[in-house]
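Read the structure below first, then the notes.
Readers should treat all values here as calculations from the given coordinates under stated rules, not as data from a laboratory. Because the structure is predicted, anything quoted here is derived from the model rather than measured. Methodologically, a virtual Cβ is constructed for each residue, glycine included, from the backbone with ideal geometry; neighbour enumeration extends over all protein chains shown.
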Amino acid sequence: MMATNGKEACGVKDDVSPVSSNGSAVNGKATEAPPLSKLQNGGAVRPERFTFSPEPTIEDIRRMQAEFTDERDWNQFHQPRNLLLAMVGEVGEVAELFQWRGEVAEGLPDWTESEREHLAHELSDVMIYLVELAEKCHVDLPQAVLRKMALNRLKYPASKVHGSAKKYTEYKD
Ligand SMILES: Nc1ccn([C@H]2C[C@H](O)[C@@H](COP(=O)(O)OP(=O)(O)OP(=O)(O)O)O2)c(=O)n1
């Protein structure tokens, strides 16, 4: 039984949640000249972050895909292993879009609208299969993510790893 929304249990602070909306969450387009905003982190300045729309939630996506699958009598094919293979196949399709392009800047400034839409489709395929895989494995994905992020914060204390990409096993303490 889940008595809380998981935030308290995992030490998630509401005040570190998403920054203000940049409008792009609704129309999917990046803000052209992102305003600069100050982080609490020592006054460092960085461009305002891209944010998502609040909906659909992960549970909404699970329910919509369950309806899609039920309507087609496809549960007979959607066992965990098949969903995993389907998801990995879609990850491969995402990788193909980046293949041979060299490093790509945040916001994909050199990509065409059609390439961006193609990427949005492939990332969505990955997400749809991931969510259904979690459902079929009885993993409550939103809560599992909170628990894992709490563990990540313990493993990588900001004060210890700030500015370093080393794996936690490489720290000598
Ligand atoms: N048995 C299936 C087949 C498809 N889908 C749904 C989930 C994915 O979001 C999308 C995957 O469809 P395709 O297998 O046709 O893959 P693509 O959309 O990537 O097409 P393509 O491989 O031509 O790029 O459709 C599904 O749930 N179960």
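Key figures for this structure:
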| read-out | value |
| --- | --- |
| The stretch 90-104 - phi-based ³J(HN,Hα) in whole Hz, Karplus 6.51/-1.76/1.60, Gly and Pro as x | 5, 4, x, 5, 5, 4, 4, 5, 9, 4, 6, 9, x, 5, 10 |
| Extension reserve of the residue 158-residue 111 stretch, reckoned as 0.36 nm per residue once the Cα distance is removed | 13.6 nm |
| Distance histogram in 10 Å bins (all Cα pairs of the stretch 53-173, percent per bin) | 11, 29, 31, 25, 4, 0 |
| For peptides 110-117, 76-83, sequence by mean Cβ density within 10 Å, most packed first | 76-83, 110-117 |
| Residue 85-residue 98 pseudo-label distance in nm [points 7 Å out on the Cα-to-Cβ vector] | 2.5 |
| Listed residue (82, 142, 107) projecting farthest to the positive dipole end of the stretch 42-173, Cβ model | 142 |
| Inter-probe distance in nm under a simple model that places probes 7 Å from Cα toward Cβ, at residue 119 and residue 76 | 4.0 |
| Simple spin-label estimate for residue 173 and residue 137 in nanometres, 7 Å along Cα-Cβ | 2.9 |
| Extension reserve of the residue 68-residue 165 stretch, reckoned as 0.36 nm per residue once the Cα distance is removed | 30.9 nm |
